[in-house]
Amino acid sequence: MIIDLFQKKRPISFEVYPPKKDGDFEAAFETLDALGSLKPDFISVTYGAGGSRSKKTVDIASYIQNTLHIDALAHMTCVGSRREDILNVCKELARNG
């Protein structure tokens with residue numbers, strides 16, 4: 001688990017944001033591949049208030065976790081979001097490992 005890393009060492013990580021335009025996702029995955037080659041301990045993925053990019057956050061976190069085999073941490077900003085929406089994103093993240 002990510003929390004265990006902090007007890008063992010000073011981890012190396014990156015934080016990424018989903019692109020605002022769907023057409024920019026190919027470049028985002030290329031960037032993730034490059035970051036992954038640096039062997040970080042984890043990569044966090046965030047999205048803006050209101051969860052406007054929450055589906056893309058799930059897609060990117062899933063790519064990090066399941067394709068790059070690097071621990072992914074979804075950094076969820078809950079301000080302006082409904083409880084139901086946050087729970088749905090959590091369920092979707094769980095379904096994607």
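The values are calculated or read from the model by the stated rules, or taken from the named source; none is laboratory data. Computed from a predicted model, the values in this text were never measured in an experiment. All Cβ positions, even for glycine, are placed from backbone atoms using ideal geometry, and neighbour counts span all protein chains on display. We work out accessible area using only protein heavy atoms, side chains counted, and drop any ligands, DNA or RNA first. Shrake-Rupley method; radii C 1.70, N 1.55, O 1.52, S 1.80 Å.
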Requested in this report: Go through the residues of segment 35-49 one by one and say whether even a single one is modelled with pLDDT under 95, open to solvent by less than 10 Å² (accessible area, probe 1.4 Å) and closer than 16 Å to Ile12 by Cα.
Outcome: yes
**Report entry** In segment 1-34, the residues that are β-branched (Val, Ile, Thr) and either open to solvent by less than 60 Å² (accessible area, probe 1.4 Å) or in a loop (DSSP other than H, G, I, E, B) (or both)
**Finding:** Ile2, Ile12, Val16
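Do you know which residues across segment 74-95 are outside any helix (DSSP H, G or I), open to solvent by 50 Å² or more (accessible area, probe 1.4 Å) and either over 15 Å from Tyr47 (Cα atoms) or small (Gly, Ala, Ser) (or both)?
Passing the criteria: only Gly80.
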**Report entry** Among (1) farther than 19 Å from Phe25 by Cα; (2) open to solvent by less than 60 Å² (accessible area, probe 1.4 Å); (3) in contact with a Gly (Cβ under 6 Å, 6 or more places away or on another chain); (4) not aliphatic (A, V, I, L, M), the one test that Gln65 misses
**Finding:** (1)
